[in-house]
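Trainee: Below are the structure tokens for one structure; questions will follow.
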Amino acid sequence: MRQKRPGTRDLFGDQGPGTCRRAKRAAAFTLIELLVAAAITVMLAGFIAILVRNVGSTWTRAGTRLGADAQARIVLDQLQQDLEGAMYRDDGNIWMAADVLTGATGGATGGLWIAAQRNPKPTGGISLDMAATRAELVPQDRSKLEQARFGTAGVWLRFFTTRRGANSNANTISAPIAVGYQIVRRYSSANNQNLNTAYLLHRVEVRPAATTGNNPRPGVLETGYDITAAPYRSSTSGNNGAQSGDPRNLQIVTATQRNLDSVITDNVIDFGVRCYVRDPESPGRLRPIFPANASGGLNNSASPLRAQFPSNTPSSAPNYNHRFLFPDVIDVMVRILTDEGAALIANMERNQTPALTAPLKYRNNIQQWWWGVAQENSRVYTRRIVINARPL
């Protein structure tokens with residue numbers, strides 16, 4: 001029989017008959033331990049789910065911002081090309097014009113504004129704050145261009161330029177053209193079965209010269225260099241706005257509302273400009289002339305810009321008016337909805353039963369609700385553009 005050495009214990013014999021059973025019980029999990037482990041697992045799973053959701057939400061927001069950024073670059077680059085090539089002569093004609101479209105039906109929108117069935121973009125009032133002075137703004141944000149609002153349908157800007165767009169006539173490449181920018185709300189597709197509407201920014205271009213054929217249609221050379229003349233804003237013989245490139249397209253893009261040839265981008269809910277002339281006596285050496293009063297102060301007046309005099313015309317000159325000066329510098333602002341914002345606005349404006357009501361967050365005010373959703377789900381882009389034009 002095996003003898004034990006003094007001071008040693010037998011692994012089995014010394015512990016007695018219950019030792020093996022106790023070791024087995026010690027190796028098993030108790031109910032409390034299982035519950036704690038399950039709780040920890042649930043907590044980890046919840047944390048991971050929240051993390052994945054946040055990452056996905058951040059990714060989606062980043063994607064929509066990138067989409068808006070890309071659209072803004074297209075708009076601002078095209079505007080910069082056109083404005084840097086702007087031209088005028090000191091002949092008393094109006095070579096650049098800007099109107100604030102405070103309303104949205106008829107008028108300068110040319111009937112291209114399809115009013116929303118419910119909760120439309122507010123007309124005037126809360127939508128018109130070109131000087132950015134509304135009480136809700138904190139003091140450091142007041143007067144900033146990115147906080148301004150330019151009426152229901154934004155600014156209708158048109159002028160003559162030597163730059164070209166996508167639909168240029170190669171045979172008259174050196175001739176000046178007339179271009180116009182404005183936002184409208186109309187069908188988002190050329191498909192007649194598609195009744196979805198969207199906020200669209202148009203850039204229209206008038207052909208340089210008359211078309212050829214038995215019934216030539218006029219261009220800029222035949223129509224003349226006065227951007228507010230009747231052919232550029234009303235129907236005349238041989239110029240009924242039925243074809244792309246007609247002078248009247250500055251006001252009415254095309255006769256059919258479903259032609260989207262001139263659309264630069266969509267989801268644009270505001271478009272505006274601030275125009276300046278150089279003045280050593282003014283802060284920053286720039287004096288506002290639109291939208292501004294005679295002393296150069298920004299205000300919410302909708303007085304249109306009618307540029308026909310050189311920017312350095314003295315105030316003592318006959319018929320002097322600050323809004324008749326051709327600008328030296330133009331600040332451009334465009335507000336673009338993200339994809340999520342466009343969906344939210346479309347849902348607000350859709351006719352549905354029961355009708356949506358403004359949340360308490362917006363004091364149950366429909367107008368504040370529209371602008372609240374728009375601001376929270378849009379991005380504002382600005383660019384300063386120097387005008388190189390000199391009178392001929």
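Values quoted throughout were computed directly from the atomic coordinates according to the rules given, and no laboratory measurement underlies them. Nothing here was measured: the structure is a model prediction, and the numbers come from that model. Note: ideal-geometry Cβ built from the backbone for every residue, glycine included; neighbour counts use all protein chains shown.
Trainee: May I ask you to derive the FRET efficiency for M43 and N312 from their Cβ-Cβ distance with R0 = 51 Å, giving the value to the nearest 0.05? Let's see the in-between values first.
Mentor: Details: r = 72 Å, r/R0 = 1.41.
That gives a FRET efficiency of 0.10.
Trainee: Taking the range 265-392 as the region of interest, what is the percent of Cα-Cα pairs per 5 angstrom bin, listed from the shortest bin to the one with the maximum distance?
Mentor: Here the calculated profile for the range 265-392 is 2, 9, 15, 16, 13, 10, 10, 9, 8, 5, 2, 1, 0.
Trainee: Rank the residues F324, F309, F290 as a footprinting-exposure proxy: fewest other Cβ atoms within 10 Å of their Cβ go first.
Mentor: F324, F309, F290
Trainee: So, one more: Ignoring solvent entirely, what values of log10 I(q)/I(0) come out of the Debye formula for the range 52-386 at 0.13, 0.16 Å⁻¹ when each Cα is a single scatterer?
Mentor: -1.01, -1.45
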